[in-house]
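The values are calculated or read from the model by the stated rules, or taken from the named source; none is laboratory data. Everything numeric in this text was worked out from a predicted model, so none of it was measured. Please note: Cβ atoms are built from the backbone with ideal geometry, for glycine as well, and neighbour counts cover all protein chains shown. Side chains included, ligands, DNA and RNA excluded: accessible areas come from the protein's heavy atoms. Shrake-Rupley method; radii C 1.70, N 1.55, O 1.52, S 1.80 Å.
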2 protein chains.
Amino acid sequence: MTASDHTGPVTLEQPAVETARETVADGIDRDALVTVFGRCTVEYDGRAASRLEAGDRHVMCKPDGTTLVHTDEGQQPVNWQPPGCSHEVYCEDDALFLESHRSTPEERLLVGFERVAQVSLFPISDSSDLTLVGTEEDLRQRILEDPGLLEPGFRPLATERDTPAGAIDIYGEDSVGRAVVVELKRRRVGPDAVSQLRRYVDALERDLHADASIRGILVAPSVTDRARGLLGEHDLEFVSLEPVGEG
Amino acid sequence: MTASDHTGPVTLEQPAVETARETVADGIDRDALVTVFGRCTVEYDGRAASRLEAGDRHVMCKPDGTTLVHTDEGQQPVNWQPPGCSHEVYCEDDALFLESHRSTPEERLLVGFERVAQVSLFPISDSSDLTLVGTEEDLRQRILEDPGLLEPGFRPLATERDTPAGAIDIYGEDSVGRAVVVELKRRRVGPDAVSQLRRYVDALERDLHADASIRGILVAPSVTDRARGLLGEHDLEFVSLEPVGEG
DNA sequence: GCGTTGATATCGAGG
DNA sequence: CCTCGATGTCAACGC
């Protein structure tokens, strides 16, 4: 390893299409992150089908098989292909084509550049992990470490307890020994979460052949009006709690 | 307007941080799409909180306020900020900082480059619209144009019919005049869709004070085993249909 | 592979 | 603004 290994990006501006093709092919071959900017059309066919007429876009091809087509607006790419695809690049009729394909499901993305304004290759290999705080897992830990946050006398007995309807976030007992199903959400909840909790409570009642009713408690920072109504209809309860303290 | 307005991308390689700052600031000011590649740390604080240690990443700032931080892997950015944020750029301790901020909710993304390998400005303004086929809306149109696809004698009466639980995709009557609630899904469905349909049927029964039971039909290409079981438990029906014909 | 659920989901429509 | 549901959701984890 020498200092020359720290090669920076390679950039071509306004390249001829054949030059662009060679450079992109080389980048893909060397597992570089490749970007192409220029005027292009985009076609997708697979889980759905779409077409985008000519316009200026920024295309990124990652060594893991991802392709992203970005315009000047929006967090989401206007078109894309997920990881695991194989990239191909070729010229035809004086245009540069980037094609990204996979099976299961069968889908294909084709980007055709009538004009290439820039091609860049970025040597990149990022091993750093993101540390994230404030997830549903944090909320679970918070309750397991201090079950009294749910209600005085609550005792957790299991997490991820499986039922025919799916896994229960926290299963436990209240101060008088009644079974409790706890469903956690890291943010404000709507009707879906109530239905989900109801499914778990129903499934557990069948599982346990319970004579006494099982309590269901939804834990989240807050709840919408419609969801609160559903909670009442289904005899479910709500406890307000955030994933991190002092939030 | 002259031909010189068709200025291509501006690219700097291995710029000094102050030069990079000026160029990025100029790009943001001129509503260009700005990319910065180099070794950086990333901090986020808002709906959750996260930190990413130093590594090589590709950062994109869009004129609509979006920021995206991409590594060599994954379709999703490792960190980001949604549209509507304000970009800021400054130097401190010989490092280049990109800061993206918004309120409601209060959140902030800070990218600190200890080394900038490339800065690019892309002049871009894309007006082209994506045409997409194979959506839930296509499935609805397909049934409305040929209600017999659902079952012989089905008559649609309304779409988006509102109930206290939300809007029903298609409301209609079967061949003997019974009310039918139709829930559409463009792809294979799990338990959630069954619960959703059950909510709608329940809400409509209350709304209509119906003595006769209301039928609920889930329309999708296919259904998981667990969802099929739930359909049976809840007296709901399933019809297999895809968003596009000959799919 | 499929099934299920979480996510800083994102996005758009509607009130 | 908030609420609600679709998405070519994506991604992780379990089976």
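Miscellaneous remarks
- Interface residues of the range A:122-147, defined as those with an accessible-area decrease of at least 50 Å² between the chain by itself and the complete set of protein chains (probe 1.4 Å), are A:F122, A:I124, A:D126, A:S128, A:L130.
- For A:K185, a cut-off of 27 angstrom between C-alpha atoms picks up these lysines, skipping any fewer than 8 places away in its own chain: B:K185.
- Chains A and B together, accessible area buried on both sides, 1.4 angstrom probe, square angstrom: 5200
- Take each residue of peptide B:47-56, count the partner chain Cβ atoms within 10 Å of its Cβ, and average: the result is 6.
- Around the Cα centre of the protein assembly as shown, unit charges on the Cβ atoms of Lys, Arg, Asp and Glu (plus for the first two, minus for the last two) sum to a dipole of about 1140 debye.
- Delta accessible area of at least 30 Å² on complex formation, residues of the range A:221-236, 1.4 Å probe, chain isolated as reference: A:R226, A:E233
- Remark: the protein assembly as shown carries 47 Å² of accessible area per residue (probe radius 1.4 Å; ligands, DNA and RNA excluded).
- Between B:D225 and B:Q76, the modelled label-to-label distance comes to 2.8 nm, taking each label 7 Å out from Cα in the direction of the beta carbon.
- Built amide H within the under 5 Å cut-off of B:Q118, gap 5+: B:Q14, B:F37
- By a 1.4 Å probe calculation restricted to protein chains, A:F238 has an accessible surface near 50 Å², given to the nearest 10.
- Split the accessible area of chain A by element, probe 1.4 Å, and carbon with sulfur accounts for 45%.
- If you wrap the range B:36-97 in the convex hull of its Cα atoms and look at it from every side, the mean projected area works out to 4.6 nm².
- Here B:T7 sits with roughly 80 square angstrom of accessible surface, probe radius 1.4 Å.
- The range A:133-166 and the range A:91-112 have Cα centres lying 47 Å from one another.
- Sorting the Cα pairs of the range A:1-151 by distance into bins of 5 Å, from 0 upward, gives 2, 8, 16, 18, 15, 11, 7, 6, 5, 4, 3, 2, 1, 0, 0 percent per bin.
- Cα point-scatterer Debye curve for the protein assembly as shown, base-10 log of I(q)/I(0) at q = 0.06 Å⁻¹: -0.38
- Helical content alone sets the calculated 222 nm signal of chain B at -6500 deg cm²/dmol, taking -39,500 (n - 2.57) per DSSP H segment of four or more residues and averaging over every residue.
- Helix B:17-29 and the longest principal axis of the Cα set of chain B meet at an angle near 40°.
- Using alpha-carbon coordinates, inclination of helix A:191-208 to the longest axis of chain A, degrees: 50
- Closest approach to the A/B rotation axis among chain A Cβ atoms, residue and whole-Å value: A:S195, 2
- Around the amide H of B:L33, modelled in the peptide plane, lie the amide H atoms of B:F122, B:I124, all under 5 Å away and 5 or more residues distant in sequence or on another chain.
- Under Karplus coefficients 6.51, -1.76 and 1.60, residue-wise ³J(HN,Hα) of the range A:112-129 in Hz, glycine/proline x: x, 8, 8, 8, 10, 8, 7, 10, 10, 10, 10, x, 7, 7, 10, 9, 5, 9
- For the range A:97-162, size of Cβ-based charge dipole, Lys and Arg +1, Asp and Glu -1, in debye: 160
- Taking the convex hull of the alpha carbon positions in the range A:136-240 and averaging its projected area over all directions gives 5.9 nm².
- Delta accessible area of at least 50 Å² on complex formation, residues of the range B:59-88, 1.4 Å probe, chain isolated as reference: B:K62, B:D72, B:Q75
- Total formal charge among the other residues, if their Cβ is under 10 angstrom from that of A:D64, Lys/Arg +1 and Asp/Glu -1: -2
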